[in-house]
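Read through the structure below, which is laid out as structure tokens, and then see the notes.
The values are calculated or read from the model by the stated rules, or taken from the named source; none is laboratory data. The structure displayed is predicted, hence computed values, not measured ones. Cβ coordinates were reconstructed from backbone atoms using ideal geometry, including for glycine residues, and neighbour counts include every protein chain displayed. Accessible surface areas use protein heavy atoms only, side chains included; no ligands, DNA or RNA. Shrake-Rupley method; radii C 1.70, N 1.55, O 1.52, S 1.80 Å.
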Amino acid sequence: MKDVIVFGGTTLGSVLDICEVVRNNGAKTYVITFDGLEYSDIYRSSVYVTDAFSVEPESLQTFLTLKIQDGTFDNQPIMYFTTDESCLLINRNRDWYEKYFTLCLPSSYIVESFNDKSAEAIEAKKNGLLVPETTVIKNRQDKS
């Protein structure tokens, strides 16, 4: 089994569940967060996580290049996403990431359309899905 990189945040249980399955199948697991050391320290303490890193989003590609060069990964790792932020970030330079990683990421169209909360209902309706009407609340006067 390939090594797995999971992008995590506050979804601790989901990330650790993924890591547990991967580790139980003999592969290494790496968690990357963008929120400072708080969550990466929690992930690192798990028996299911090989290592965890807190990385600034704008430094991610450089960070991963160094990890590839220093042999951290045994093979082309699988990238698994549990946050919108990581999906959008990887999608911006998708060609580079696809060269070095196997992405568990929907198409760019889906990432761009359905991570924009103001556009997702329009796209869903265009594709025949029933979507409840919503109201965007910007201030206290909009709530009624």
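Comparison of V22, V6 shows that the only residue that is open to solvent by less than 50 Å² (accessible area, probe 1.4 Å), closer than 19 Å to S86 by Cα, at pLDDT 95 or above and not aromatic (F, W, Y) is V6. Can you name every residue in region 31-58 that is over 12 Å from the mean Cα position of the chain (by Cα), closer than 15 Å to I90 by Cβ and open to solvent by less than 60 Å² (accessible area, probe 1.4 Å)? The one that is over 12 Å from the mean Cα position of the chain (by Cα), closer than 15 Å to I90 by Cβ and open to solvent by less than 60 Å² (accessible area, probe 1.4 Å): V55. Listed by position, the helices (runs of 4 or more DSSP H) contained in region 59-144 that have at least 2 residues being at pLDDT below 85, open to solvent by 90 Å² or more (accessible area, probe 1.4 Å) and farther than 28 Å from R23 by Cβ are 108-114, 120-126. Inspect all residues belonging to region 15-36 and state whether any of them is touching a Leu at 6+ places or on another chain (Cβ under 7 Å) and among the hydrophobic types (A, V, I, L, M, F, W, C). The answer is no, given that none of the residues of region 15-36 is touching a Leu at 6+ places or on another chain (Cβ under 7 Å) and among the hydrophobic types (A, V, I, L, M, F, W, C). Among the residues here, M1 qualifies as surrounded by fewer than 20 Cβ atoms within 10 Å (Cβ to Cβ) and either touching a Leu at 6+ places or on another chain (Cβ under 6 Å) or not charged (D, E, K, R) (or both).
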